[in-house]
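K.L.:
Quick one: structure below, then a few questions.
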Amino acid sequence: MNARSLTVLGITLLALGVATGGLYFFTEGDDFVRIGLLVSIPGATALCVGAMRSQNALNDDQLAAAHAAGYTLALDHVARGLLDQPTAPTGGGHNDDGHDATVCTLYQLHPYNERAVG
């Protein structure tokens with residue numbers, strides 16, 4: 001259900017529950033008061049959920065504004081040179097072992113044993 005139908009359903013159930021409970025509150029209709037209370041609780045819950053959904057939904061104008069702000073921020077970062085920083089190591093790219101820093105050395109953890117397999 002979307003937020004609008006939840007809001008309408010919540011208002012209807014809440015009004016029906018309050019009217020039923022309030023009408024029989026001053027008379028001897030305790031069962032109708034309980035029914036009114038039991039109808040009002042889901043109505044109030046649906047009203048709250050509908051209000052939260054309508055507040056959290058983005059419309060097309062807000063989405064376009066957020067996209068434009070992000071695009072403007074990205075252009076600003078490119079213009080300042082924040083995204084064009086060098087990522088290569090400055091020390092020549094060699095580590096202490098004498099290997100190139102971009103090469104990964106793989107070591108075999110369990111040597112292959114032909115007698116144990118065969």
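K.L.:
Could I have the simple spin-label model distance between Thr72 and Ser54, label points 7 Å from Cα toward Cβ, reported in nm to one decimal?
P.N.:
Here the answer is 3.0 nm between the modelled labels.
K.L.:
By per-residue mean of other Cβ atoms within 10 Å, what is the highest-first order of 56-62, 45-51?
P.N.:
Ranked by mean Cβ neighbours within 10 Å, highest first: 45-51, 56-62.
K.L.:
Further question on the same structure: Count the net charge of all other residues whose Cβ sits under 14 Å from the Cβ of His67, scoring Lys and Arg as +1 and Asp and Glu as -1.
P.N.:
Charge balance in the 14 Å sphere: -2.
Here, each number is a calculation from the coordinates, and none is a lab measurement. Values in this document were obtained by computation on a predicted structure and should not be read as measured data. With ideal geometry, Cβ positions are generated from the backbone for all residues, glycine too; neighbour counts draw on all protein chains shown.
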